[in-house]
Structures are given as C-alpha cells and as structure tokens.
1. Could you count how many residues in region 198-215 are in contact (Cβ under 8 Å) with a residue 12 or more places away in the chain and out of contact with any Lys or Arg (no Cβ under 9 Å at 6 or more places or on another chain)?
2. Please determine, by comparing only the residues of region 311-350 that are small (Gly, Ala, Ser) and within 16 Å of Pro139 (Cβ to Cβ), which one is modelled with the highest pLDDT.
3. State whether the residues of region 108-115 include one that is open to solvent by 60 Å² or more (accessible area, probe 1.4 Å) and assigned to a helix (DSSP H, G or I).
Amino acid sequence: GYLVWVGVASILHVHRQTGWSAVWGACSSLLAIWWIVVASVPFERSLLRSDPSWVLAGWAGEHWMATRQWQMGASYGLFRSMTGVGAMSERFDPDKHGWGGLAPAIVRAPVVVIEGSRNGKDWTEIEFRYKPGNVATPPRRTAPHQPRLDWQMWFAALGSYQHNPWLLNLLDKILDGVPEVIDLLDTASYPYHHQPPSQVRASLWQYDFTRANTSWARRIPGVALTTQGEEVWWTRSLVSRTYVPALTNDGRVKSVLNQVRIVAGPEPSLMCYGSADSDTSFFWRATHSLCTTTLYIQQRCAPIRRGLGLTLFGGSLVLDRPLVAITSLMLISIGALPTLRAIAQAVKYLVHRTPTNLQNDKLKHE
C-alpha cells in the first residue's frame, strides 16, 4: 500500500512537468521507488527471521544482493534486539495469528532489575526514573531529555555485567548510599533513604506491554490483556535471577573496580577555559561569555531535568515536565507573533502619521 501511494504521488508530480523536467522527474521517481523496494528487503527478512520466499518481488532480493556492498538498506537489527520487537511466540500459528504469515506485534524487551535487601531474605526492587520496572508504572516520555543511566541499563541487558563493569560501580554506589547516584534513581519510591541496603543484586527479565482487550489482541498468543481501570502496563517473565549475584559492602567490589581501572572519584567540576579580560581578543572573550552563560543555565535547569512527569487521570496519562515547559513556550511564542505583527503595524501607522508625512500626503493630493 505504501508503494502504491508513492507511485501515485510520483505520477502526480511528473504530470505537472513538461519537457526535460518531466523526463528528470520520471527518472528520479522511478529511481526512488526502486530504492525503497530494494531497501525494504533486509527489513522484511528481519521480520520473518528466516529466508522464505519474499513477499516483495523476487527481483528486489536479487538487486539487494547485488548492491548490499554499498549498504543501501539495513534491518535496524540493534534496536530491534534492544526492544525485542518481532520476537516469535512458541505458540504462534501462521494459519490462526498475524497477517500474511507474519507474527503479530510481540515484544520481549530485556530489562535489568536491581534489588536491595537488609537481611539477605527480603528483597525490594529499586526503581529507575524512566526504564521499565514496576509493572504498574506507565512508560514515561523522555524527549528531549536523554536519560543516560536508564539508556545504559538498556545496553547492559543485552550482555553480561562482566562486559559492563560500570554496572558494578553503580551497585557499589548504592551500597555506599552516594547521594549523587541515588539522585539518578526514582527518589520518590527509593526505599533506602535513611540507611543503605546491606546487599544488592540484579536480575534479568523480559518485558512486554499489556494489550487492550480487543479482538485483534485476543488473537495474539501469550500476551496479557488488561481491562479498563486496571493499572497494569507491563507483563514480564524472569530470565535469570542471578544476572548479578548478591553483593555486599565488604570491599571486594571496589577491588574489582580498581582492577578494571574504574576509580570512583568525585565528579570533576565543569569550568570555562580562557579569560574575559579586556586584553584578550574579541573571539576569546565572546567564547568565554558563551561558556559561562551555558554553565549558568545548566545549573539553573538541573531541578527541571529531574522532573519525573505529571501523572493525570489516575495514571492513564503521563506528561514529561520539560516537554510540557518547552511546548508551552513554543505555543506562547507562536501566539505572540500575531501580537508583535499588530504592534509593528501600529507603530508603522503612527510613524506615518507624523506632521511631516501628513504635509507630504496633503501636497500629493493637491
């Protein structure tokens, strides 16, 4: 269907051209359609997870094989693995589920869950600000903010902690109760504000969204359905309880961190190089002023970046505070444009009504 609309748009585009413009428009449109079809081959194969007969035309696969050395298309495999989109269900039956032999939208996103304990028996999950955790917590919009820690936890779930030693550093800081690290977590639900946990561990889960109870969702095997008013946003299955075994604050973790050269020192303070003295060049003075202004804004905006979001309507709607602030400023600026234009016209009219201009207008009419 998408290719049909592209073809129709190309025909309409060429229809308005004449001469060499029509020839160029026809050639460029055919080239664009050819590229879209060929670039769709690896994406289609990634959905099928095998090499059956392609849904696309057979020549598309041949052309992709001939041109893949130039990397004209990719399956976006990394982010498909990170999100788990396209995972096949063991109970999937192409005759009963999906469309055109393709599996329905099954998601298996790998997620690392950190837990803390004071006695080694009762464990409490430690929630993050943005990544999936509590199944009753709705997804939170992060754009345009980039949650670096939650993003790194996403990558850590694709491998092991041996290849992500920074994860051990994070667990060690939780054991020490370092305020700067605790502030990166969901402080509203953090259970160890008064006393750090004596043990921490991490487990690996696979997360999927719950589905609304619709006829399409009921045909998807192995997914959880939710009813109206039920605040369950995720469903999850345990992969490994000992993704990171239980750790204690006995110094062994710090020894490992020293061996891999991860030194937990204080974060260096940001500073601007150069000087704003009058004897320096204008370029260095302007650069220094811009740097100091940027650092000042960054410090003032730090409390805003920590906003978790505005939860409305009993958790059914979650708005990110920075996004709301930026959108409000944009709307205000858009609404202010007509006002500024009206003010400019009024000023222009008043200037035009000066005695000199009125005298000139009177002479023109005479």
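The values are calculated or read from the model by the stated rules, or taken from the named source; none is laboratory data. Computed from a prediction, not measured in an experiment: that's the story for all the values here. Cβ sites come from the backbone with ideal geometry, for glycine too, and all protein chains shown count toward neighbours. Heavy atoms of the whole protein, side chains included, go into the accessibility calculation; ligands, DNA and RNA do not. Shrake-Rupley method; radii C 1.70, N 1.55, O 1.52, S 1.80 Å.
1. Quick first cut of region 198-215, residues in contact (Cβ under 8 Å) with a residue 12 or more places away in the chain only: 198-213.
Filter once more, keeping what is out of contact with any Lys or Arg (no Cβ under 9 Å at 6 or more places or on another chain): 200, 202, 209-210, 212-213.
Summing the residues that are in contact (Cβ under 8 Å) with a residue 12 or more places away in the chain and out of contact with any Lys or Arg (no Cβ under 9 Å at 6 or more places or on another chain) in region 198-215 gives 6.
2. As a first pass, look at region 311-350 and keep what is small (Gly, Ala, Ser): 314-316, 325, 328, 333, 335-336, 342, 344, 346.
Subsequent filtering for residues that are within 16 Å of Pro139 (Cβ to Cβ) retains 314-316.
Values: Gly314: 50, Gly315: 47, Ser316: 46.
So, considering only residues that are small (Gly, Ala, Ser) and within 16 Å of Pro139 (Cβ to Cβ), the one modelled with the highest pLDDT is Gly314.
3. In the first step, residues of region 108-115 are kept if they are open to solvent by 60 Å² or more (accessible area, probe 1.4 Å); the result is 108.
Next, only the ones that are assigned to a helix (DSSP H, G or I) stay: none.
So far as region 108-115 goes, no, none of its residues is open to solvent by 60 Å² or more (accessible area, probe 1.4 Å) and assigned to a helix (DSSP H, G or I).
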